[in-house]
Amino acid sequence: MARTLILNAGQLLTMAGPDAARRGREMSSVGLVRGGAVLVDDGQILAAGLHDIVLKHPTAGAAKILDAGGRVVLPGFVDSHAHPVFAAPRLTDFEARLKGATYQEIAAAGGGILSTVNGVRGAKQEKLASNLAHWAQRFIECGTTTLEAKSGYGLDLETELKMLRAVAAASAQTPLQFVPTLLGAHAVPPELKDRREDYLKRVCEEMIPAVARENLARFADVFCEQGFFSLEEAARVRESAARAGLGFKIHAEQLSRSGSVGMAVKGLAVSADHLDHVEAADIQALAGGQTVSCLVPGSNYFLNKAYPPARKLIDGGAAVALATDFNPGTCPCWDMRMILSIACTQMRMTPAEALVAATINGAWALGLGKSHGSLEPGKAADLVCYEAEDYREIPYYFGSTAVAWTMKRGAIAHSASGLKL
Ligand SMILES: [Zn+2]
């Protein structure tokens, strides 16, 4: 792959800093360099920083030049919470909800998560993969270079495996990097409605080991919520994941408080996600542990619900990540810019905090903090160049994409102007 020297970044946000998720006040530091350059080779960053210093690198002379034209250059977004494998959008549910239908009424009419489950069960793996590759291009156009991909719309061994195999197949069709997560414990499937213990056993004793054997996922996730999986059941999913060598993520305190944050932090979950109903003790636990607090305010926006307390989490010393939660039911949004805008206007995060949350902290929320999320030597050459002179424009001008180009592992994955290296 070509050695490339990116020159003339009006503002280069390196996100350089400690070798850990950024927490509390650290989240204000974007590693801003005015007049920045980045040297990349073989998909990795060799040097990033002030022009004059990067140009002194011994291999800079032989590199192809990519002029950033004074624009803002930053790490590609690492979107650490998404459910992007599905067959069809849920437009009927959307319209019904706008007309006042409740969650229960939508479910009774055949909508809700079970309609997505039926769609995924009925879809061929190739179709799920081509759908995912299609969405992947939209993510790349918006500057995202790494995306989590959860299963969880199969709710049986065969279909959960099909979803994760579709993620692996889609990887060959797009430059977007996927981080696959098994979410078998998303809901109890309708055919086992009265046999939840049987289903949980299948998740822990069949699905998790099978997925680990085939190396189809890096994490196991659980929806810990009233009517879904209890705190004790979520802990069993975590133990099973640990036995199989998978990391652990959790949908925590989303619709009500269960105490799952405490379990997640003690159990070294890589992230606890949603967190709409966290209390002071939970924030303290998150501030004192390694678990990243992953917020997905796009779903609050789409469902018109109160937002999670991002300000309290950051001021309390937690490490906050931002993700889209892309899925057909509660957040059909692939544009991280929209999420950044919501985070700033609705949750009072600063532009710097929001960008840290969507890059380096997103990487830590996927266990990729050592290799992704900042522009430092040895890390993946994943970058986005924004049509902006000041990084604060990114969450400011909402509703348009404005990505000049996206680079994945040193290659141009998208360019608004048809740029090629
Ligand atoms: Zn989710």
- Positive-end extreme of charge dipole, the chain - chosen from 111, 352, 332 (charges on Cβ): 352
- Task: Using DSSP, restrict attention to beta bridges with both residues in the chain and report what percent are antiparallel, rounded to the nearest 5.
- Result: 45 percent
- Which percent of the accessible area of the range 152-202 is formed by carbon and sulfur heavy atoms (probe 1.4 angstrom)? 50 percent
- Amide H contacts under 5 Å for residue 414, restricted to residues at least 5 apart in sequence or on another chain and with H modeled in the peptide plane, are 406
- Task: Enumerate the lysines that residue 127 could reach by cross-link, defined here as Cα to Cα under 21 Å, with residues fewer than 8 away along the same chain left out.
- Result: 150, 162
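Rounded to two decimal places and with Rh computed the Kirkwood way over Cα pairs, what is Rg over Rh for the range 337-406?
Numbers: Rg = 12.5 Å, Rh = 12.8 Å.
Reported Rg/Rh, Kirkwood definition of Rh: 0.98.
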- Which residue fluctuates the most in the chain, going by a Gaussian network model with Cα springs under 10 Å, if the choices are 123, 87, 269? 123
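Note down, for the chain, the three equivalent ellipsoid semi-axes (square root of 5 times each alpha carbon gyration tensor eigenvalue), biggest first, whole angstrom.
Values: eigenvalues 248, 100, 83 Å².
One finds semi-axes of 35, 22, 20 Å for the chain.
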- Under 28 Å Cα to Cα from residue 56, which lysines show up? Leave out anything in the same chain fewer than 8 places away. 64, 370, 379, 408, 420
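On average, how much accessible surface per residue is there in the range 290-359, in Å², for a 1.4 Å probe, leaving out ligands, DNA and RNA? Display every interim value, and only then the final one.
Values: 2000 Å² over 70 residues.
Per-residue accessible area for the range 290-359 comes out at 29 Å².
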- Message: What number comes out for accessible area per residue over the range 110-245 if the probe is 1.4 Å? Units Å², please.
- Response: 39 Å²
- Query: Once amide H atoms are placed 1.01 Å from N in the peptide plane, what residues at a sequence separation of 5 or more from residue 150, or on another chain, have their amide H within under 5 Å of its amide H?
  - Reply: 82, 83, 85, 181
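For residue 348 and residue 134, calculate 0.36 nm times their separation in residues minus their Cα-Cα distance, and state this gained length in nm to one decimal.
Values: separation 214, 0.36 × 214 = 77.04 nm, distance 3.29 nm.
Gain on extension, residue 348 to residue 134, equals 73.8 nm.
Take the Cβ-Cβ distance between residue 99 and residue 398 as r, set R0 to 30 Å, and report the resulting FRET efficiency rounded to the nearest 0.05.
Numbers: r = 27 Å, r/R0 = 0.88.
So, using R0 = 30 Å, E works out to roughly 0.70.
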- For residue 109 paired with residue 62, estimate the spin-label separation in nm (one decimal), with each label point 7 Å from Cα along the Cα-to-Cβ line. 6.4 nm
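When the accessible area of the range 72-125 is computed with all protein chains present and a 1.4 Å probe, what percentage of it is carbon and sulfur? Provide the component values of the computation, followed by the final result.
On the way: 1500 of 2500 Å².
Of the solvent-accessible surface of the range 72-125, carbon and sulfur hold 60 percent.
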- Message: Apply the Karplus curve 6.51 cos²θ - 1.76 cosθ + 1.60, θ = phi - 60°, to the phi angles in the range 44-51 and return the couplings in whole Hz, x for Gly and Pro.
- Response: 10, 7, 8, 7, 8, x, 4, 2
- Message: Can you compute 3J(HN,Hα) from phi for each residue in the range 354-363, using the Karplus curve 6.51 cos²θ - 1.76 cosθ + 1.60 with θ = phi - 60°, rounded to whole Hz and x for Gly and Pro?
- Response: 5, 6, 4, 5, 8, 10, 5, 6, x, 4
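The values are calculated or read from the model by the stated rules, or taken from the named source; none is laboratory data. Note that the structure is a prediction, hence the values are computed from the model and not measured. When we count neighbours, we look across all protein chains shown, and the Cβ atoms used for this are built from the backbone with ideal geometry, even at glycine. For accessibility, only protein heavy atoms count, side chains too; no ligands or nucleic acids. Shrake-Rupley method; radii C 1.70, N 1.55, O 1.52, S 1.80 Å.
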